[in-house]
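Quick notes on the structure that follows.
Please treat every number below as a calculation from the coordinates, not as lab data. Here the structure is a predicted model, which is why all the values come from computation and not from measurement. Methodologically, a virtual Cβ is constructed for each residue, glycine included, from the backbone with ideal geometry; neighbour enumeration extends over all protein chains shown.
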Amino acid sequence: MAEGGGVSTVSENVPSYEHIDVNSTPFHIGTFRNLWLGMLHPETYSYSQTSPETEDLRFISDMGIAPETLAELKSVCSTDSLRSHPEHEPPDTEAVPPEPQLATLKLRKRRQDYKKSLIRDSMGRHDVYANEMELLAIGRRPEDSKDLIPEGELILSFNVVYPVLFERFKHVRAYQTLHVLGSQKLTELRDAICCVSDLQVFGEFSNTPDTAPQFLSKDHYKSAFFFFEGTFFNDLRFSECRDISKTTREWAKTHDFPDFKTARMEDTTFYDLKVKVGYPYLYCHQGDCEHVIILTDVRLMHRDDCLDRKFYPLLTHKHRVATRKCCVCHLYISRWITTNDALAPVDPCLYCDQCFRMFHYDDHGNKLGDFKAYVYIDPGAFN
Ligand SMILES: [Zn+2]
Ligand SMILES: [Zn+2]
């Protein structure tokens, strides 16, 4: 199809490090998958589980060993052999019995109980819920069997980094992690990436605040591209889409860069791609909203994964950012930003929808004073 160059030599499509611990050499995802499927016994990636007894018997015959040797191996290699104590530790001899009679023991007991009361579960809310999204999807099976993902499918993990939104977020690498299937189109990943620039509303709405939602950027500016290994994959699904990589390619031509190729995002699946793991690539939309995207993992589907096709691309991590609250109520997330606003304490000033309307319009919806109002989309509204 678009990129990749089809089947080439085996070693070329088995990734190795290009830079140690940083990124791999480029490899063709589809070929890599076929190599895996060719090497592995179908049972290793099957969704049905082999019973431990069958596995034992197979191991005995594969290795040509006696059953006693297997039993010995199991005890030697058991995780129990890593313990310094037996699992059920003897009772703590230092601890005071629950109802002591001696005065000294009573004192000691009081001290011991006090110490125990100081121990708090120090795990933060953020740590507790860090993998909350991932846990939700684990082991999920589809209700309709036609949504079941076939065995041997690949899962690719992408980290999508947000552009720097504000100065104060400069040191924070906000990103979302998405799992996509190898057979999915690049456009499916594009549609799953949520970015505030898609929701921006262009224009000044102080006279007609109710019409603002009709001017969402994503409905008007549908062009976008991914850049992988010298090829721009353009989203050309709609008639109003343009090849926004053209400017870059023409500039590159006049500056002695090698020729960049183009392909259609909607005609390309991840199996068609030739990419590096750990290498920064580019996703660009809304003209100049640029995101670094990094492929962090390529693996075969496992029975414990979410097996329902409808949930992919699957969002497994979402960075939380602080929200900016309304300057009047300090309670709700801001929806409007005003300038030249005589009523505002600062310029520009943020308001929630309710405060904005109460403050700037009379009971009949007439504008009070001379100011400019723009829609504000808070990046934290996605939390
Ligand atoms: Zn963006
Ligand atoms: Zn408010």
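Roughly what % of DSSP beta bridges within the chain run antiparallel, to the nearest 5?
90 percent
Quick one: if you stick a label point 7 Å off each Cα along the C-beta vector at residue 383 and residue 104, how many nm between them?
Roughly 5.5 nm, to one decimal.
If packing is taken as the average count of other Cβ atoms within 10 Å, what order do 322-330, 357-365 fall into, highest mean first?
Going by the mean number of other Cβ atoms within 10 Å, highest first, we get 322-330, 357-365.
Write down, largest first, the equivalent ellipsoid semi-axes of segment 336-382 in whole Å, where each equals the square root of 5 times an eigenvalue of the alpha-carbon gyration tensor.
With the √(5λ) rule applied to segment 336-382, the semi-axes are 19, 13, 8 Å.
Quick check: pseudo-label points 7 Å beyond the Cα along Cα→Cβ at residue 116 and residue 297, how many nm apart are they?
Here the answer is 3.9 nm between the modelled labels.
What ranking, highest mean first, results for peptides 250-263, 18-31 when packing means the other Cβ atoms within 10 Å averaged over each residue?
Answer by packing, highest mean first, reads 18-31, 250-263.
Using the Kirkwood radius over C-alpha pairs as Rh, can you work out the diffusion coefficient of the chain via Stokes-Einstein at 25 °C, viscosity 0.890 mPa s, in µm² per second?
Approximately 93 µm²/s, per Stokes-Einstein.
Sort all Cα-Cα distances of segment 237-383 into consecutive 10 angstrom bins from zero, then give the percent of pairs in each bin up to the one containing the longest distance.
P(r) over segment 237-383, rounded to whole percents: 8, 22, 22, 21, 19, 7, 0.
Could you pull out every whole DSSP H run in the chain that spans at least 24 Å of Cα extent along its own axis and averages 1.0 or higher on the Kyte-Doolittle scale?
Flagged H segments: there are none.
Using just the helices of the chain, give the 222 nm mean residue ellipticity in deg cm²/dmol: DSSP H runs with n ≥ 4 each add -39,500 (n - 2.57), and the total is spread over all residues, rounded to 500.
Calculated mean residue ellipticity at 222 nm is -6500 deg cm²/dmol.
Could you give me the ³J(HN,Hα) list for segment 316-333, computed from phi with Karplus coefficients 6.51, -1.76, 1.60 and θ = phi - 60°, whole Hz, x at Gly and Pro?
Once θ is set to phi - 60°, the couplings for segment 316-333 become 10, 8, 9, 6, 9, 10, 5, 8, 9, 8, 4, 6, 8, 8, 6, 10, 9, 5 Hz.
So for 188, 132, fewest C-beta neighbours within 10 Å to most, what's the order?
Ordered from fewest to most neighbouring Cβ atoms within 10 Å, 188, 132 come out as 132, 188.
Determine the relative contact order of the chain: mean sequence separation of Cα pairs under 8 Å and six or more apart, normalised by residue count, in whole percent.
22 percent
With the contact rule set at Cα under 8 Å and sequence spacing of 6 or more, what percent relative contact order holds for segment 147-303?
32 percent
Over the chain, with a Gaussian network built from C-alpha contacts below 10 Å, which listed residue (70, 315, 40) shows the highest mean-square fluctuation?
Result: 70 has the largest fluctuation of those listed.
With a 10 Å cut-off between alpha carbons and a GNM built on the chain, which of 44, 211, 296 moves the most?
211
I'd like the FRET efficiency for residue 21 and residue 49, computed as 1/(1 + (r/R0)^6) with the beta carbon distance as r and R0 of 41 Å, rounded to 0.05.
0.75
Please list 3J(HN,Hα) in residue order for segment 288-293, calculated via the Karplus relation 6.51 cos²θ - 1.76 cosθ + 1.60 where θ = phi - 60°; whole Hz, with x for glycine and proline.
For segment 288-293, the Karplus curve yields 9, 8, 10, 10, 7, 10 Hz.
With equal scatterers on the alpha carbons only and no solvent term, can you work out the Debye log10 of I(q)/I(0) for segment 125-318 at 0.08, 0.14, 0.15 1/Å?
Debye output, listed in q order: -0.32, -0.93, -1.04.
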